[in-house]
Amino acid sequence: MSIYDVIVIGAGFSGLTAARDLREAGRRVLVLEARDRIGGSTWYQADAFDGFGLEMGGTWIVPQQAHVFAEARRYGVRITGDTPPGRLTWSAHGTVRDTLLPVGPDEYGALEHAVRALVAASERLDPDRPLSEQDLADLDVPIGRWADEAGLTGDARELMVSWFCGCANARDDVGSALDIIRWMAAMDHSLWGMVRASVLGCTFTDGTVSLADAIAADARRPPGGAELRLSSPVRAVHDDGTAVTVTIEGGARVRARRVLVTVPIGVLGDIRFTPELPPDKLAASRENHAGQGQKIWALARNVPADLSGFGWGTDFDYVGAMGTTDRGEVLVCFAPEHDRVDADDLADVQRAVRDFAPDAEVVDAHTHRWVDDEYSKGTWATFRAGQFGRYELALGRPEGRVHFAGSHTARRWRAFIDGAIESGGRAAAELLAADAGGRTGGKDPAERTVRP
Ligand SMILES: Cc1cc2nc3c(=O)[nH]c(=O)nc-3n(C[C@H](O)[C@H](O)[C@H](O)COP(=O)(O)OP(=O)(O)OC[C@H]3O[C@@H](n4cnc5c(N)ncnc54)[C@H](O)[C@@H]3O)c2cc1C
């Protein structure tokens, strides 16, 4: 059996970036991807709504995300700038308010308090350092509990909680408030910056696939290009202390000196590792992350072309118009639970959209059920309350000759495309350093954690 320098498991942005960097450093790389496409949690469907392309997964980026913008510049990938909406729509339990502020004048004080509480919490964080090392356990609590402890009240509380749930794609008793406050810290503690980072950022003009394709082509460029095998789900990883044997579905086996695993948190436990993964990684996978909601695209008539609506007490927490086709407005809709709205039932989608646009007539809908997808088991990897302390560092820690990447292991923009790219670059450097240690006879950082 021939031996690769590195086998990368997963061809999302983290795996592709790592493969490209390792190839550039002269390593012989094999990428194994379970699906029949690259891109992982991003998936651009070019002709979904009569030729209007839809991003089923990761979509928006902001200029503060240095890694993804650097990659786009490197390959000349086109980015469409963000145009802030001219107005926002607020839906309180289905009652639409087209007002300057989301709450009535009697609650302006409560709203100001909520904003101050958010800014104050954000300013405690350094988003470039592990949050679990910054004495922030009081923020690593369920979103709803943070709102109560910060003294938020009335509509101001409901708005803030629903917005956080939208960012977390999770319920308010599940998602970690800290993981969302982190977004604001990463946007230099700016409230407007956080709004942009949540749903109003830039997009890839030709779809996320344009960047994924560019990185993959570079990784595979001859001579010495990485091999990419699609439709190759990995079922087992065996580290014998000298090399690693990877078993693909159907029984084929390949071998490498090191392996990089980039599969999502919830999927990790489905691969049989020997030696077994340590208890923290296994527990993290069993618990899975908080991002277990929905992203549904709808095509609707009788909807304002500039709709950008945040709601509380509504099934969708955000509904926004993203473009126009001959059949209507293209709406992107988010819900914090995977079964809130039935995307196969246009009447159900219409009912939920009407909380934001009461005359809406939904004529089409499209989604991908990431939560039910065996290679994702969730949407974006926001943490559950308490998971920072337990798993933030554990998830990216190498185990023997097996290394780990993925947006869930990133620092500043974990759970974003940018974080996936950051983590791929970090892991490639880590693998090269471990390799250099082994080759020069120096202490190999990975060897230190080899378990019997
Ligand atoms: C609905 C949705 C909306 C999002 N919105 C945004 C957004 O607007 N902006 C943003 O920046 N981010 C967003 N994200 C998050 C972003 O898409 C991800 O953080 C990022 O793409 C993750 O990249 P990754 O490489 O870490 O993981 P993934 O892209 O998940 O890649 C992991 C790969 O591993 C493969 N795999 C799994 N199991 C196996 C196996 N056993 N063997 C081989 N391969 C396997 C998978 O098929 C996948 O290709 C969104 C995600 C979703 C789902």
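The values are calculated or read from the model by the stated rules, or taken from the named source; none is laboratory data. Here the structure is a predicted model, which means the values were calculated and not measured. Please note: Cβ atoms are built from the backbone with ideal geometry, for glycine as well, and neighbour counts cover all protein chains shown.
Within segment 366-383, take every residue that is buried (at least 20 other Cβ atoms within 10 Å of the Cβ) and more than 8 Å from the ligand (Cβ to nearest atom) and give me the one that is farthest from residue 333 (Cα to Cα).
Per the stated criteria, the residue is 383.
Collect the residues in segment 3-27 that are in a loop (DSSP other than H, G, I, E, B), at negative phi and within 15 Å of the ligand (Cβ to nearest atom), keeping them in residue-number order.
Hits for segment 3-27 are 11, 12.
Got a sec? Which of 145, 157, 124, 171 is out of contact with any Phe, Trp or Tyr (no Cβ under 7 Å at 6 or more places or on another chain), modelled with pLDDT of 95 or more and crowded, with 21+ Cβ neighbours inside 10 Å?
Within the list 145, 157, 124, 171, the selection yields 157.
Table: residues versus (1) away from the ligand (no atom under 13 Å from the Cβ); (2) within 23 Å of the chain's Cα centre (by Cα).
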{"site": "42", "(1), (2)": "no, yes"}
{"site": "50", "(1), (2)": "yes, no"}
{"site": "57", "(1), (2)": "no, yes"}
{"site": "69", "(1), (2)": "no, yes"}
{"site": "74", "(1), (2)": "yes, yes"}
{"site": "92", "(1), (2)": "yes, no"}
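How many residues are out of contact with any strand residue (DSSP E or B) (no Cβ under 7 Å at 6 or more places or on another chain) and on the phi < 0 side of the Ramachandran plot when one looks only at segment 279-290?
So the count comes out to 8.
Please tell me if residue 332 is crowded, with 23+ Cβ neighbours inside 10 Å and touching a residue at least 24 places away in the same chain (Cβ under 8 Å). Before you say what the answer is, go through the steps one by one.
Values: crowded, with 23+ Cβ neighbours inside 10 Å: no; touching a residue at least 24 places away in the same chain (Cβ under 8 Å): yes.
No; evaluated as a whole, the condition is false for this residue.
Would a scan of segment 204-215 turn up a residue that is within 14 Å of the ligand (Cβ to nearest atom) and part of a strand (DSSP E or B)?
Yes, because at least one residue in segment 204-215 is within 14 Å of the ligand (Cβ to nearest atom) and part of a strand (DSSP E or B).
From the list 219, 214, 243, 236, which one is aliphatic (A, V, I, L, M), under 14 Å from residue 19 (Cα atoms) and over 21 Å from the mean Cα position of the chain (by Cα)?
The conditions single out 219.
Which is in contact with a helix residue (DSSP H, G or I) (Cβ under 6 Å, 6 or more places away or on another chain) and either away from the ligand (no atom under 15 Å from the Cβ) or not acidic (Asp, Glu) (or both), of 195, 161? Please lay out each step first, then the result.
Numbers: 195 fails: in contact with a helix residue (DSSP H, G or I) (Cβ under 6 Å, 6 or more places away or on another chain).
Checking each option against the conditions leaves just 161.
Given 305, 321, 365, 381, which one is over 19 Å from the mean Cα position of the chain (by Cα), among the hydrophobic types (A, V, I, L, M, F, W, C) and outside any strand (DSSP E or B)?
Among 305, 321, 365, 381, only 305 is over 19 Å from the mean Cα position of the chain (by Cα), among the hydrophobic types (A, V, I, L, M, F, W, C) and outside any strand (DSSP E or B).
So, restricting to strands (runs of 3 or more DSSP E) that lie completely within segment 28-116, which ones have at least 2 residues that are of a type outside the set (D, E, K, R) and touching a residue at least 12 places away in the same chain (Cβ under 8 Å)?
The strands (runs of 3 or more DSSP E) meeting that bar are 29-32, 44-49, 52-55, 89-92.
In the set 359, 372, which member is more than 22 Å from the chain's Cα centre (by Cα) and in contact (Cβ under 8 Å) with a residue 12 or more places away in the chain?
Checking each option against the conditions leaves just 359.
Which of the residues belonging to segment 261-286 are more than 13 Å from the ligand (Cβ to nearest atom) and surrounded by fewer than 17 Cβ atoms within 10 Å (Cβ to Cβ)? Can you show your working first?
Just the residues of segment 261-286 that are more than 13 Å from the ligand (Cβ to nearest atom), to begin with: 274-284, 286.
Selection gives 274, 275, 276, 278, 279, 280, 282, 283, 286.
Identify, from the list 253, 235, 258, the residue that is in the same structural domain as residue 216 (by TED's automatic domain parsing), within 11 Å of the ligand (Cβ to nearest atom) and over 21 Å from residue 392 (Cα atoms).
235
Return the residue satisfying two criteria in turn: it lies in segment 403-440 and is among the β-branched types (Val, Ile, Thr) and buried (at least 24 other Cβ atoms within 10 Å of the Cβ), and of such residues it is nearest to the ligand (Cβ to nearest atom).
Residue satisfying both the conditions and the ranking: 417.
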